[in-house]
Amino acid sequence: MPATDFRQDEALQHWQPRHLVGGELLAAGAPFGVTDPSSGKVFAECPEAGVEELERAVAAARAAWPAWKARSLEQRRAVLHDFAAVLEQAAPLIAPLLSREQGKPLPQAEVELKVSAIHIRHLSSLPLADQTLRADDRGAVVLNWRPLGVVGGIAPWNFPVALAMHKVAQALYTGNTLVLKPSPYTPLATLAVAELAQGIFPPGVLNILAGGNAFGAGMTAHPGIDKISFTGSVATGKQVMQSASASLKRITLELGGNDAAIVLDDADIEAAAAGLARSAFYNCGQICMAVKRIYAHHAVHDELAARIAEKAQALKVGSAFEEGVEMGPVQNRMQYEKVLSLVDDARSQPGAMVLAGGAALDRPGYFIAPTVITGLDDSARLVAEEQFGPVIPIISVPDEDDAIVRANAGTLGLGGSVWGRDGARCAAVARRLDCGTAWINRHGVNESDVPFGGMKESGYGREHGVMGLHSYMEMQAINAVPPSG
Ligand code: NAD
């Protein structure tokens, strides 16, 4: 990749995004436009991979698998660590490209790339070994964890590189090969990373192709792909599950959330307001595990809401390269319109009060002011649905039992949090939440060694941690008779 400044339009004339297939960089496929959400205008073109490229990528991944899985765990770890080092070094170079296509402020784009490198390193350092289930007079049983074969990774547009790199680390460390597809809204930074990968992985081990939704559907139906690791919306996740059933592919689905936070009457209100505002507005609220509704005890509701509103109003909103910007635009027009329609619906509810924001910014692009709304009941769409944008409803509740019932209502169950000073009381509430992760006095932390995923329609299976690595593997029980005599 040329050492170029992707902030400048001219730079994009000197850089051709290409797919990585079987160790080669290809610009195959008709170009499609990539939009800068800060202007709403197409700023670059990207080739769209089709059926032919998918066939080529799957064949290359299959061909590369035997030699890759034959390498030791330590050898595969060493290659992934080399990749992490190169990615970390290239972060300042690729960050402007990620900012332009995704909309996030430049420092946050650089953080995403650097944290991706850290996750690759940590995930590929987790311990993986066969397990002896028993060795006694009934015999010896060993659980032999083996790679699955070719994995298909499908990523969304909110953290395009980080979410894709989680799949790279987990799939390759466990001895699989990978065909990876970024979102068509944000393909460019991932293709820039593909160029780095070309020099590091043996041909075919990692294939990265920019394709549209039909390309993703082609992956889920492909008989040469053994597992799909999908991160995206619930609606698409259901299609993935259905399509993967034809060949009984293994699947992991990381889907949407409508995370509730419960703020107890003894919470540290300033700490809760700071933590919840950060979770609600970071990345413009476009985080699967962001807090999306807050249930606050009536004794602390008004103070908490006022403090979160203050923080929302203080946030500097703007385009990625403006000095000091803390929050960018919503990533695409469809999402922008959806978030605004949820805000309009909320404003029209009897009793609704807008404490901050409440509208789009009067400028080009998909900017929405950080918004705080109180006085809604649970039937308002903003409370009942996943907003995936910079808007947070805060609801007053009489007690924690009521809060738990409301938090557990609905079909989603990704994350949740409890805020209070009494650790035992918080833990008791956390255990009653129907969600894959229940945080205490924080919300939305992502760690390589902690299994992550959703209950109910927020997902299927877990990624991260040894449990996540095992989801990229098949377990074989080796069952031996006891030695005679
Ligand atoms: P999306 O489902 O529209 O798209 C995700 C990916 O799926 C894209 O690459 C897209 O091209 C592909 N795709 C679309 N149709 C497909 C099909 N029929 N078969 C296979 N692939 C197909 O989701 P999005 O709008 O990009 O992402 C936002 C959603 O992702 C939100 O709901 C968010 O909560 C969720 N998300 C979840 C997690 C998690 O870890 N649980 C993380 C980030 C985002």
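Taking every residue in segment 173-192 that is among the acidic types (Asp, Glu) and pairing it with any residue that is outside any helix (DSSP H, G or I) and open to solvent by 10 Å² or more (accessible area, probe 1.4 Å), at least 6 positions away or on another chain, yields no pair with a Cβ-Cβ distance below 6 Å. Among the residues of segment 120-142, those that are in a helix (DSSP H, G or I) and buried (at least 22 other Cβ atoms within 10 Å of the Cβ) comprise Ile120, Leu123. Test Ala49 against the criterion of being assigned to a helix (DSSP H, G or I), of a type in the set (A, V, I, L, M, F, W, C) and on the phi < 0 side of the Ramachandran plot, and give yes or no. So Ala49 fails the test. I'd like to check something: does segment 283-298 contain any residue that is basic (Lys, Arg) and free of Cβ contacts under 8 Å to residues at least 60 places away in the same chain? Looking for residues that are basic (Lys, Arg) and free of Cβ contacts under 8 Å to residues at least 60 places away in the same chain, one finds none in segment 283-298, hence no. Within segment 294-310, the only residue that satisfies the criterion of being open to solvent by less than 20 Å² (accessible area, probe 1.4 Å), more than 11 Å from Ser396 (Cα to Cα) and either among the β-branched types (Val, Ile, Thr) or touching a helix residue (DSSP H, G or I) at 6+ places or on another chain (Cβ under 8 Å) (or both) is Ile308.
Of everything in segment 452-473, what is assigned to a loop (DSSP other than H, G, I, E, B) and open to solvent by less than 50 Å² (accessible area, probe 1.4 Å)? Give them in sequence order. Selection gives Gly453, Gly454, Ser458, Gly461, His464, Ser471, Tyr472. On inspection, Ala271 fails the criterion of being more than 20 Å from Leu382 (Cα to Cα), more than 14 Å from the ligand (Cβ to nearest atom) and in contact with a Phe, Trp or Tyr (Cβ under 6 Å, 6 or more places away or on another chain).
Of the listed requirements (1) away from the ligand (no atom under 12 Å from the Cβ); (2) surrounded by fewer than 17 Cβ atoms within 10 Å (Cβ to Cβ); (3) not assigned by TED's automatic domain parsing to the domain that holds Gly357, Gln242 misses just one: (1). Residues of segment 433-451 that are of a type in the set (Gly, Ala, Ser) and in a strand (DSSP E or B): Ala438 alone. Restricting attention to segment 246-264, and to residues there that are touching a strand residue (DSSP E or B) at 6+ places or on another chain (Cβ under 9 Å) and farther than 24 Å from Pro451 by Cβ, which single residue is farthest from the ligand (Cβ to nearest atom)? Here the answer is Leu264. Kindly provide the set of residues from segment 8-29 that are surrounded by fewer than 16 Cβ atoms within 10 Å (Cβ to Cβ), modelled with pLDDT of 85 or more and farther than 18 Å from Gly204 by Cα, ordered by number. Those that are surrounded by fewer than 16 Cβ atoms within 10 Å (Cβ to Cβ), modelled with pLDDT of 85 or more and farther than 18 Å from Gly204 by Cα: His14, Gln16. Within segment 66-111, being closer than 22 Å to Gly318 by Cα, open to solvent by less than 10 Å² (accessible area, probe 1.4 Å) and assigned to a helix (DSSP H, G or I) holds for Ala91, Ile94, Ala95, Pro96, Leu97, Leu98, Ser99, Glu101, Gln102, Ala109.
Listed here are the residues, each with its yes/no results for (1) within 17 Å of the chain's Cα centre (by Cα); (2) under 23 Å from Glu474 (Cα atoms).
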| position | (1), (2) |
| --- | --- |
| Gly211 | no, no |
| Gly218 | no, no |
| Ile228 | yes, yes |
| Gly232 | yes, no |
| Thr236 | yes, no |
| Ala246 | no, yes |
| Ile251 | yes, yes |
| Glu254 | yes, yes |
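For beta carbons closer than 7 Å, sequence separation of 6+ or different chains, a first residue in segment 425-449 that is buried (at least 21 other Cβ atoms within 10 Å of the Cβ) and a second that is part of a loop (DSSP other than H, G, I, E, B) and of a type in the set (Val, Ile, Thr), the qualifying pairs are Trp439/Val445; Gly444/Ile287.
With a requirement of 2 or more residues that are among the charged types (D, E, K, R) and modelled with pLDDT of 95 or more, the helices (runs of 4 or more DSSP H) lying completely within segment 306-421 that satisfy it span 333-347, 400-408. Evaluate the following for Thr374: is it hydroxyl-bearing (Ser, Thr, Tyr), out of contact with any His (no Cβ under 6 Å at 6 or more places or on another chain), within 14 Å of the ligand (Cβ to nearest atom) and in the same structural domain as Ala305 (by TED's automatic domain parsing)? In short, no.
Yes or no, residue by residue, for (1) more than 7 Å from the ligand (Cβ to nearest atom); (2) aliphatic (A, V, I, L, M); (3) open to solvent by less than 10 Å² (accessible area, probe 1.4 Å):
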position	(1), (2), (3)
Ala192	yes, yes, yes
Gly199	yes, no, no
Thr220	no, no, yes
Ser229	yes, no, yes
Gly232	no, no, no
Ala235	no, yes, no
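For segment 202-218, the set of residues classified as surrounded by fewer than 20 Cβ atoms within 10 Å (Cβ to Cβ) and within 11 Å of the ligand (Cβ to nearest atom) consists of Gly212, Asn213, Ala214, Ala217, listed by residue number.
Give me the pairs, please: first residue somewhere in segment 54-65 and open to solvent by less than 80 Å² (accessible area, probe 1.4 Å), second residue anywhere and in a helix (DSSP H, G or I), beta-carbon distance under 8 Å, and either six or more positions apart or on two chains. Once the first residue is open to solvent by less than 80 Å² (accessible area, probe 1.4 Å) and sits in segment 54-65, its partners that are in a helix (DSSP H, G or I) give Leu54/Phe215; Leu54/Gly218; Leu54/Met219.
Residue pairs whose Cβ atoms lie under 6 Å apart, separated by 6 or more positions or on different chains, with the first residue in segment 113-130 and outside the structural domain of Arg146 (by TED's automatic domain parsing) and the second assigned to a loop (DSSP other than H, G, I, E, B) and small (Gly, Ala, Ser), do not occur. When Asp36 is tested against (1) surrounded by fewer than 16 Cβ atoms within 10 Å (Cβ to Cβ); (2) more than 19 Å from Met219 (Cα to Cα); (3) of a type in the set (D, E, K, R), only condition (1) is not met.
The values are calculated or read from the model by the stated rules, or taken from the named source; none is laboratory data. Values in this document were obtained by computation on a predicted structure and should not be read as measured data. Don't worry about glycine lacking a Cβ; one is built from the backbone with ideal geometry, like all the others, and counts go over all protein chains shown. Protein only, heavy atoms only, side chains kept; ligands, DNA and RNA dropped before computing areas. Shrake-Rupley method; radii C 1.70, N 1.55, O 1.52, S 1.80 Å.
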